[in-house]
Amino acid sequence: MTQFVMNRSKLWSRKSKEDKIFDLINLLFLTTLSLVVIYPLYFIIIASISNPDSVYNGDVWFWPKGVTFEGYERIFQDNRIWTGYKNTVLYTVVGTLVNVTLTLMAAYALSRKDLVGRNFFMILFVFTMFFSGGLIPTYLVVKNLGMVDTMWALIIPKAVAVWNLIVARTFFQSTIPDELLESAKMDGCSNTKFFLKIVLPLSKPIIAVMVLFYAVTHWNSFFDALIYLNNEDKYPLQLILRSILIQNEASASMVGDVESFAAQQRIADLIKYGVIIVAAIPLLILYPFIQKYFVKGALIGSIKG
Amino acid sequence: METKLRALPRRNVRSVPKVNSSWKKVLHNYELYLFLLPTLIYFIVFHYVPMYGVLIAFQDYMPTLGVSGSPWVGFEHFERFFNSFQFWTLLENTLELSVLQLLFGFPLPVIIALLLNQLRNQRYKKFVQTVIYAPHFISVVVLVGMVYVFFSPNGLINNFLMIFGAEPVHFMSQAGWFKPLYISSGLWQETGWAAIIYLAALAGVSPEVHEAAIMDGANKWQRILHVDIPAILPTAMILLVLSVGNLMNIGFEKAYLMQTPLNVSAGEIIPTYVYKVGLQGAQYSFAAAVGLFNAVINFILLWAVNRAAKKLSGSGLW
C-alpha cells in the first residue's frame, strides 16, 4: 500500500521541461491576476488616509502619504450617513428575517416527495426566473398596495428569491433522510414539530448560507429604495453613497467650511475613499470567515443548475 | 380484444382509491401547504399579478380606472416605440453591451478555473481564490463609485498614464469609453466568482484519468485540452444557455449609475429607458410596452438557445 502511494506521488511530481515552463507562466499569471483584483481595494484604503493633495498629484501609489484622518472625521460628523447606516441595518435585519423564514418553510415543503402537486408549484416559481411582467406593472402593484415610501416596499416585493429556494430545497432533499421522517411519524410527530425540532437543527449550514445571501443582497441594494422611497429620512446607506460617490454631492456640512473650490473638490475625493471603506467595513471584516459559506451555497445551487 | 375488455374495468377500480389517497395525502400534510402558503401568495401577488398587469401595454392606462377599466389601444405603444428615433440606438446599445459581456465574461472564468486547478500549492490556490472572489460582494453603487474616482481626470488611471506623458482622458464624459468601462469593471467584479462552478466540476475529475494521461506522456497543457476541458463542457453548456437566455436582461443598475449627460448616447439601454420614461415620466403604458418587448425577445432567445444546446450536446435546461 505504501509503495503504491509512493508511486503515485512520484508519478505526480514527475515533470517534463514543458510542465516546468507551464507552471512558471501559470504562477506569474495568477499572481498578476490577484494583484489586479486587490490593488484597487488596497489603493482605496491608503487613499482614504492620505493627504488629499498627494493623492490628487499622483504621489500615492503603494503606501499612504501625509497620513490624515480628516476624511473620516468629516464622515463621522455627517448625519445623513448615520441615518443611512441605521436604516440599512434595520432593512437588512427585518428583510433577512422575512426572507429566511419564508424560504426555509417553502423549501422544506417542496422537498417532501409526498407533497401532492410539488412539481406544479416548482414550475410556477421557476417560471418567474425567465419571464416577468417587468418594472412598471410590478411598481403599480406595490403602489396599489400602499407600500410606497414605507420600508415594506423594500422587503415584501423581494420576499423570496427563486434561486435561494432551489438551493434550500436541494439541501433538504439531500440531507434529510426519508427514514427519519418515517420513524418520527411512527412516534406520532406532526409535520410542524418535525420541521422545527428535527429538520432545522440539522440544517444549520443552509440557514447560514441563506442568512448571508439575503443579508448581502439587502445591504447592497439601492434600486428598490430609488423607486419606492421619497423621504430622505428613510434612505438606506447605498442611496446616500450614490449621492456622495456618483452625483458628487458631498453635503455642505461636509466640505462647506473649506474655502477654495479646488480644495473642496480634493476633500470631497478624500471623503469618497472614506465612505467606500465605511460602507464596506462590516463585509470586509466578516468576509474571510464567511467566504466558505458563500462558496458552499453557490455549489449547492449549481448541482441542480 | 379480450384483454382490452378486461383491462378497462380493472383500471377504473384502481383509479377510485388513488384519487382518494391523494386527497388523504393533501389533508394529512395540510401543515406543509400552510408552510407553502405565504410563498405562494408572494409569487402570485408580486410575479403573476404583474404578468397580468402587463396588459396595460395594450391600453391607455389610467390609474383611476385600473387594468380592467382602461381603454384598449392595441399595438399603438409598440408602433410608437418601433418608429421612435431612439429605437435602433437602444436596441444596438443593449445588444452590443450584452454580446460583449458574453464574449469576455463567458470564457474568462473557464480559463481561470483551468489554470487555478493546475496549481499544486493548495495554500496559494486558496489565497488566490479568496482574493478573486472578494469583489463579487461589493455593491453596484460602490463599484460604479470606484469607476468614477479611478477614472476621473485626476484619478488613479490618469495619474498612471501621465507617468508616460499622456494627456489626461475624460473617461466618464466620452461616449466611446462607456462600453469598455462597463465590461472591464464587470469582469473585475465577477470573473473570480464565476470560476467557482468550473472549479467544482474540475474537482470531480478522477485523479486516475490524469494518472493514465501522465503515463502516456501527456504534459499539463495536453491534459488540460484532453481531460479537463471535456470534463467541464456540460457545465459550460448549461451556463452558456443561461447567459444567452438572459442576454437582454443586462444589469440595469450599473448602466444607470454609469450614465452621465455626456456618455448617455452609448449608455442608454432598454431597461434604463423604461425606468426613465415609465417612472420618471409617468408614461406607464408606453414603458410597459417597451419592457414587454424586451422580455419577449429574451424569452425567445432562451427557448431557441436551449433547443440548440439540447440538439448539440444533449444537455439543456428543460
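The values are calculated or read from the model by the stated rules, or taken from the named source; none is laboratory data. Values in this document were obtained by computation on a predicted structure and should not be read as measured data. In this analysis, Cβ positions are derived from the backbone assuming ideal geometry, glycine residues included, and neighbour counts consider all displayed protein chains.
Taking the stated definitions as given, is B:SER206 assigned by TED's automatic domain parsing to the domain that holds B:GLN129, at pLDDT 90 or above and of a type outside the set (Phe, Trp, Tyr)? Steps first, please.
Working: assigned by TED's automatic domain parsing to the domain that holds B:GLN129: yes; at pLDDT 90 or above: no; of a type outside the set (Phe, Trp, Tyr): yes.
For B:SER206, the condition - assigned by TED's automatic domain parsing to the domain that holds B:GLN129, at pLDDT 90 or above and of a type outside the set (Phe, Trp, Tyr) - is not met.
Apart from one condition, A:PHE222 fits all of (1) within 15 Å of A:THR96 (Cβ to Cβ); (2) free of Cβ contacts under 8 Å to residues at least 40 places away in the same chain; the exception is (1).
Cβ-Cβ contacts under 6 Å between residues 6 or more apart (or on different chains), taken from a first residue in region A:175-190 that is closer than 19 Å to A:ILE206 by Cα to a second residue that is surrounded by 10 or more Cβ atoms within 10 Å (Cβ to Cβ), are listed as A:ILE176/A:VAL199. Those helices (runs of 4 or more DSSP H) of region A:159-265 in which at least 3 residues are over 25 Å from the mean Cα position of the chain (by Cα), considering only elements entirely within it, cover A:162-175, A:178-186, A:191-194, A:252-255.
Only residues that are surrounded by 19 or more Cβ atoms within 10 Å (Cβ to Cβ) and either within 13 Å of chain B (Cβ to nearest Cβ) or at pLDDT 95 or above (or both) were counted in region A:195-211, giving 2.
Taking the residues in region B:260-298 that are outside any loop (DSSP other than H, G, I, E, B) and over 21 Å from B:MET51 (Cα atoms) as candidates, determine which candidate is nearest to the chain's Cα centre (by Cα). Working first, answer last.
From region B:260-298, those outside any loop (DSSP other than H, G, I, E, B) are B:264-267, B:270-280, B:284-298; that's our starting set.
Then drop every residue that is not over 21 Å from B:MET51 (Cα atoms), which leaves B:264-267, B:280.
Details: B:VAL264: 23, B:SER265: 24, B:ALA266: 21, B:GLY267: 19, B:GLN280: 26 Å.
If we take residues in region B:260-298 being outside any loop (DSSP other than H, G, I, E, B) and over 21 Å from B:MET51 (Cα atoms), then B:GLY267 is nearest to the chain's Cα centre (by Cα).
Determine which member of the set B:MET172, B:MET162, B:MET215 is aliphatic (A, V, I, L, M) and touching a Pro at 6+ places or on another chain (Cβ under 7 Å). Break it down stepwise before answering.
Details: B:MET172 fails: touching a Pro at 6+ places or on another chain (Cβ under 7 Å); B:MET215 fails: touching a Pro at 6+ places or on another chain (Cβ under 7 Å).
Step by step, each of B:MET172, B:MET162, B:MET215 is checked, and only B:MET162 is aliphatic (A, V, I, L, M) and touching a Pro at 6+ places or on another chain (Cβ under 7 Å).
What number of residues within region B:126-137 satisfy the criterion of being in contact (Cβ under 8 Å) with a residue 24 or more places away in the chain and at the interface with another protein chain (Cβ under 7 Å from one of its Cβ atoms)?
Taking region B:126-137 first, the residues in contact (Cβ under 8 Å) with a residue 24 or more places away in the chain are B:129, B:131-136.
Okay, now just the ones that are also at the interface with another protein chain (Cβ under 7 Å from one of its Cβ atoms), so B:131-135.
Qualifying residue count, region B:126-137: 5.
Residue-wise test of (1) of a type in the set (Gly, Ala, Ser); (2) at pLDDT 90 or above; (3) outside the structural domain of B:VAL128 (by TED's automatic domain parsing).
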residue: B:TYR182; (1), (2), (3): no, yes, no
residue: B:GLY186; (1), (2), (3): yes, yes, no
residue: B:ILE197; (1), (2), (3): no, no, no
residue: B:ALA212; (1), (2), (3): yes, no, no
residue: B:GLY217; (1), (2), (3): yes, no, no
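Residue check: is A:ILE49 surrounded by 15 or more Cβ atoms within 10 Å (Cβ to Cβ) and under 24 Å from the mean Cα position of the chain (by Cα)?
Working: surrounded by 15 or more Cβ atoms within 10 Å (Cβ to Cβ): yes; under 24 Å from the mean Cα position of the chain (by Cα): no.
So A:ILE49 does not fit the description; no.
Can you work out which of the residues in region B:15-33 that are aromatic (Phe, Trp, Tyr) and at pLDDT 80 or above is nearest to A:ASN191 (Cα to Cα)? Ranking the candidates gives B:TYR30 first. Scanning region A:52-68 for residues that are more than 21 Å from B:MET146 (Cβ to Cβ) and surrounded by fewer than 13 Cβ atoms within 10 Å (Cβ to Cβ) returns a single hit, A:VAL67.
Among the candidates A:PHE127, A:PHE76, single out the residue that is in a helix (DSSP H, G or I), modelled with pLDDT under 95 and either in contact with a His (Cβ under 9 Å, 6 or more places away or on another chain) or under 30 Å from A:LYS197 (Cβ atoms) (or both). Steps first, please.
Numbers: A:PHE76 fails: either in contact with a His (Cβ under 9 Å, 6 or more places away or on another chain) or under 30 Å from A:LYS197 (Cβ atoms) (or both).
Sole residue among the options that is in a helix (DSSP H, G or I), modelled with pLDDT under 95 and either in contact with a His (Cβ under 9 Å, 6 or more places away or on another chain) or under 30 Å from A:LYS197 (Cβ atoms) (or both): A:PHE127.
What is the residue count in region B:117-138 for residues that are part of a helix (DSSP H, G or I) and within 12 Å of A:SER34 (Cβ to Cβ)?
We begin by selecting, within region B:117-138, every residue part of a helix (DSSP H, G or I); these are B:117, B:122-137.
Next, only the ones that are within 12 Å of A:SER34 (Cβ to Cβ) stay: B:124-135.
The total comes to 12.
Assess whether A:ILE227 counts as being touching a Leu at 6+ places or on another chain (Cβ under 7 Å) and either buried (at least 19 other Cβ atoms within 10 Å of the Cβ) or in the same structural domain as A:LEU97 (by TED's automatic domain parsing) (or both). Break it down stepwise before answering.
Numbers: touching a Leu at 6+ places or on another chain (Cβ under 7 Å): yes; either buried (at least 19 other Cβ atoms within 10 Å of the Cβ) or in the same structural domain as A:LEU97 (by TED's automatic domain parsing) (or both): yes.
Answer is yes for this residue.
Give all pairs with beta carbons closer than 7 Å in which a residue from region B:87-111 that is within 23 Å of A:LEU30 (Cβ to Cβ) meets a residue that is among the charged types (D, E, K, R) and part of a helix (DSSP H, G or I); count only pairs at least 6 apart in sequence or on separate chains. Sorted first by the residue in region B:87-111, then by its partner, the pairs are B:GLY105/B:GLU190. Selection of first residues in region A:98-124 that are in the same structural domain as A:PRO201 (by TED's automatic domain parsing) and of second residues that are surrounded by fewer than 19 Cβ atoms within 10 Å (Cβ to Cβ) and among the acidic types (Asp, Glu), restricted to Cβ pairs under 8 Å at least 6 apart or on distinct chains, gives the following pairs, ordered by first then second residue: A:LYS113/A:ASP178.
Yes/no per residue for (1) surrounded by 18 or more Cβ atoms within 10 Å (Cβ to Cβ); (2) assigned to a helix (DSSP H, G or I); (3) in contact with a Lys or Arg (Cβ under 9 Å, 6 or more places away or on another chain):
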{"residue": "B:PHE46", "(1), (2), (3)": "yes, yes, yes"}
{"residue": "B:TYR52", "(1), (2), (3)": "no, yes, no"}
{"residue": "B:GLY74", "(1), (2), (3)": "no, no, no"}
{"residue": "B:LEU97", "(1), (2), (3)": "yes, yes, yes"}
{"residue": "B:PHE104", "(1), (2), (3)": "no, yes, no"}
{"residue": "B:LEU115", "(1), (2), (3)": "yes, yes, no"}
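In the set A:ASN119, A:ASN164, A:ASN144, only one residue is among the polar types (S, T, N, Q), within 17 Å of B:TYR42 (Cα to Cα), surrounded by fewer than 17 Cβ atoms within 10 Å (Cβ to Cβ) and at pLDDT below 95; that residue is A:ASN144. Counting just the residues of region B:139-162 that are part of a loop (DSSP other than H, G, I, E, B) and facing chain A (nearest Cβ under 7 Å), which one comes out farthest from A:PHE213 (Cα to Cα)? Ranking the candidates gives B:ASN154 first.
Determine which single condition A:TYR139 fails, assuming it passes every other condition in (1) touching a residue at least 12 places away in the same chain (Cβ under 8 Å); (2) facing chain B (nearest Cβ under 7 Å); (3) surrounded by fewer than 22 Cβ atoms within 10 Å (Cβ to Cβ). Among (1) touching a residue at least 12 places away in the same chain (Cβ under 8 Å); (2) facing chain B (nearest Cβ under 7 Å); (3) surrounded by fewer than 22 Cβ atoms within 10 Å (Cβ to Cβ), the lone unmet condition for A:TYR139 is (3).
Listed residues B:TYR42, B:TYR61; which is facing another protein chain (nearest Cβ under 9 Å), crowded, with 19+ Cβ neighbours inside 10 Å and part of a loop (DSSP other than H, G, I, E, B)? Before the answer, list the steps.
Values: B:TYR42 fails: part of a loop (DSSP other than H, G, I, E, B).
Just a single option satisfies the conditions, and that option is B:TYR61.
Taking residues in region B:293-310 that are on the phi > 0 side of the Ramachandran plot, and partners anywhere that are hydrophobic (A, V, I, L, M, F, W, C) and in a helix (DSSP H, G or I), not one pair has Cβ atoms closer than 7 Å while being at least 6 places apart or on different chains.
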